1. Quick check: convex hull of the Cα atoms in the range 33-107, volume per residue, rounded to a whole Å³?
2. Need one word for the range 62-106: rounded, prolate or oblate. Basis is the Cα gyration tensor (sqrt eigenvalues a ≥ b ≥ c); a/c below 1.5 gives rounded, then a/b vs b/c decides.
3. Could you give the length gained by full extension between Asn102 and Asn43, i.e. 0.36 nm per residue of separation minus their alpha carbon distance, to one decimal place?
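The numbers here are math on the coordinates, done by the rules we state, and not lab data. All of these numbers come straight from a predicted model, not from anything done at the bench.
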Amino acid sequence: MDEEIEISMTDEIVESSTEPKIKEKGYLARDEYTSERFKLELNNLPKYFGFGDLKKKLKLLGVNFVKIKVPKAATHAYVNFRNEEDKEKGLKLLTGWTYRGNRIEVSV
């Protein structure tokens, strides 16, 4: 029962110049919803603040957000909106806003 198995291997390098290049943040050009498209960054937040407190204050201001993301030990946060209209409204409401003694800087 000695069987010989022959394995043939070829090294082929296939190059294609027709392959599309991936654009940075190309997912923003798609038609489907992505929270990246409607995001504001809040800077100059206090060194210590509660996520729940920030969320509550934004709701009291009338900011219609979908999600808030706060990185660990950060003095900034990301606020995501459902559409451009809500984002623009949030930008107007949050520009010049003072939270716990800190004047909040908003960037798109």
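1. Values: hull volume 5.8 nm³, N = 75.
Dividing the Cα hull volume of the range 33-107 by its residue count gives 78 Å³.
2. Working: a/c = 2.62, a/b = 1.26, b/c = 2.07.
Oblate is the answer for the range 62-106, as a/c is 1.5 or above yet b/c matches or exceeds a/b.
3. On the way: separation 59, 0.36 × 59 = 21.24 nm, distance 0.96 nm.
Fully extending the segment from Asn102 to Asn43 adds 20.3 nm.
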